[in-house]
Amino acid sequence: MEAKLRRHVVMVPFMAKGHLLPFLELAHRILHHNANLTITIVSTPLNINYLRSAIANDPTPPPQIHLRSLPFNSSDHGLPPNSESTEGLTFTQIIKLFYASTTLEAPLREFISDVIVKEGTAPACIISDNFMGWANEVARSFGTVNYTFTTGGAYGTTAFCSICMNLPQRNIADGGTHDHFPVPGFPESFQFSITQHHPYYRAADGKDEWSIYFLPQLSHCLQSNGWLCHTVEEIETTGCEALRNFTKLPLWCTGPLLPSKMLKTNSGMDTASGVNVIGNPEKCIKWLDSHARGSVLYVSFGSQNTLSETQMMELAQGLEESKKSFIWVIRPPIGFDIKSEFKPEWLPSGFEDRIRNQGLLVHNWAPQLDILCHQSTGAFLSHCGWNSVMESLSQGVPLIGWPLAAEQGFNAKMLVEEMGVCVVLRTGVVDSTIGKEEVKKVIEVVLDKNEDGKGNDMRKKATELRKLMHASVNGSSYKAMADFVSTFSSI
Ligand code: UDP
């Protein structure tokens, strides 16, 4: 009997906005190379709704992309009701979400069994997040292959995963002042600092709750058939080499996984155009239109983070005293529900009135892509989440880094040391104190128009990276995606 063709790809993203959209974009890219496939993205109901609204913004959504809700009850896992993503969760709750994500295994198995009954064969592959290594075991048990997709960059992912697995920070002598250590995967000469890592991971000893979750998950990922990375080979040569050294597996760099409006490609590439226009762009665009080219600082800390009350006060004063124009996405500070109403007392007294002609405050969610695409945006004060980095660099916008969690400290290190497109405001994460003077100073450096200044140098480098990223859409990333699709299609 002739074997049935395997045409179904199942995707298992981690439950966070910054992971869901790159998976969706990856689905579009795969279909560009093989339109005969069906791709199902599985997640919890809330995340599937988010993806549904993202797809609804697409004027021509590909019919081959399907979304499948898997049952999930957050209160079973000690999480607040309806907590199905990292948004609004504390770090202690986020670890619970990681553990809870493993309960999606049983419904995923049921879904795959259904696919087998309907299609007479197993899916062609499962592509799972590097935080969801358990999906590798699911793929194997159904006789199919598994690929790990990291929505982070190559450098940050390698540092994050290698530190989790090898705990190199444990070699620092107790009480010593020297806080630097090499990370397996990177050349010995690359020194990482403990302060670039989140306090939870800094304290990891292999027996703590983060290690107990991540060690087996990452070990599973290292057993998968290969890794996909949301990066561009040419902009992250060091990082890609490190990731290959670390995984010892095939690596396909398929970035930038951004909507076509950010890439202005005429290749006919079917990207998820229109995705991520949630938030009302008109007001921001109108405001930006009235400003000079490269004069505005955009300030945002990603989809789920917020600052402490003190950090917010200092940042506000630093912005005001810099006298530069800015758009700032504001949210209630740490300790408050980030979706609750914003109280004026979280900002310096009279701040909103005084900055009326200088800045635009956007509550909770801004149309980030539209802002970064606008010619008036000159710099981005960011937590260095990888999507934000890719979005900023794709428009040649240099960054001011204020990493807060996850692998963001390593992203910032790379942006400074490897790319020269970033000034770091604070190397410490999440618990860092910040002074208004430092804020003012870095804004002045980065937005400075002086020909010989650091700001100009950063802009030039960011422009070069932008060119490399845009070229990769029809170049290295296109080839990598074609190779990836033909690899799993021929198994
Ligand atoms: N984002 C947005 N508006 C906001 C905040 C975030 O559109 O006000 C989007 C941003 O464009 C990016 C994603 O949310 O695509 C954030 O992802 P990133 O990896 O930068 O950070 P994370 O949220 O995962 O920490």
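The values are calculated or read from the model by the stated rules, or taken from the named source; none is laboratory data. Everything numeric here is computed off the predicted structure, so don't read it as measured data. Here the Cβ is made from the backbone with ideal geometry for all residues, glycine too, and neighbour counts use every protein chain on show.
Assorted remarks:
- Filter result for the condition that a residue is under 25 Å from Thr86 (Cα atoms), touching a His at 6+ places or on another chain (Cβ under 6 Å) and more than 14 Å from the ligand (Cβ to nearest atom), over Thr44, Thr40: Thr40
- Residue among Asn36, Asn49 that is assigned to a helix (DSSP H, G or I) and not aliphatic (A, V, I, L, M): Asn49
- Residue in region 80-90 that is within 30 Å of Leu5 (Cα to Cα), surrounded by fewer than 20 Cβ atoms within 10 Å (Cβ to Cβ) and among the charged types (D, E, K, R) present: no
- Filter pass, Thr487 being over 30 Å from Ile39 (Cβ atoms), polar (S, T, N, Q) and over 19 Å from the mean Cα position of the chain (by Cα): no
- Residue list for region 403-422, filter: among the polar types (S, T, N, Q) and either in contact with a His (Cβ under 7 Å, 6 or more places away or on another chain) or more than 10 Å from the ligand (Cβ to nearest atom) (or both): Gln408
- Scanning region 101-132 for residues that are among the hydroxyl-bearing types (Ser, Thr, Tyr), more than 25 Å from Leu218 (Cβ to Cβ) and surrounded by 15 or more Cβ atoms within 10 Å (Cβ to Cβ) yields a total of 1.
- Evaluation of Met11 against (1) part of a helix (DSSP H, G or I); (2) in contact (Cβ under 8 Å) with a residue 24 or more places away in the chain; (3) more than 16 Å from the ligand (Cβ to nearest atom); (4) of a type outside the set (Asp, Glu) (one fails), failing number: (1)
- Residue selection: Leu415 satisfies the criterion of being surrounded by 22 or more Cβ atoms within 10 Å (Cβ to Cβ), out of contact with any Pro (no Cβ under 6 Å at 6 or more places or on another chain) and in a helix (DSSP H, G or I).
- The condition of being at pLDDT below 95, closer than 30 Å to Lys449 by Cβ and buried (at least 20 other Cβ atoms within 10 Å of the Cβ) does not hold for Leu297.
- Checked against the criterion of being touching a Phe, Trp or Tyr at 6+ places or on another chain (Cβ under 9 Å), more than 22 Å from Asn34 (Cα to Cα) and surrounded by 15 or more Cβ atoms within 10 Å (Cβ to Cβ), the candidates Arg426, Arg466 yield just one match: Arg426.
- Residue in region 429-447 that is closer than 24 Å to Leu243 by Cα, in contact with a Gly (Cβ under 9 Å, 6 or more places away or on another chain) and assigned to a loop (DSSP other than H, G, I, E, B) present: yes
- Selection status of Leu67, outside any helix (DSSP H, G or I) and away from the ligand (no atom under 16 Å from the Cβ): yes
- Test: Phe160 is in contact (Cβ under 8 Å) with a residue 12 or more places away in the chain, surrounded by 24 or more Cβ atoms within 10 Å (Cβ to Cβ) and not in a strand (DSSP E or B): yes
- Flag not set for Asn166, criterion: within 27 Å of the chain's Cα centre (by Cα), at positive phi, surrounded by fewer than 20 Cβ atoms within 10 Å (Cβ to Cβ) and not basic (Lys, Arg).
- Sub-7 Å Cβ pairs linking a first residue in region 363-379 that is farther than 13 Å from Ser394 by Cα to a second residue that is within 11 Å of the ligand (Cβ to nearest atom) and in a loop (DSSP other than H, G, I, E, B), at least 6 apart or interchain, are Asn364/Arg331; Trp365/Ile278; Trp365/Gly279; Ala366/Gly279; Pro367/Val277; Pro367/Gly279, ordered by first then second residue.
- Unique match (being crowded, with 20+ Cβ neighbours inside 10 Å, in contact (Cβ under 8 Å) with a residue 12 or more places away in the chain and on the phi < 0 side of the Ramachandran plot) among Leu21, Leu46: Leu21
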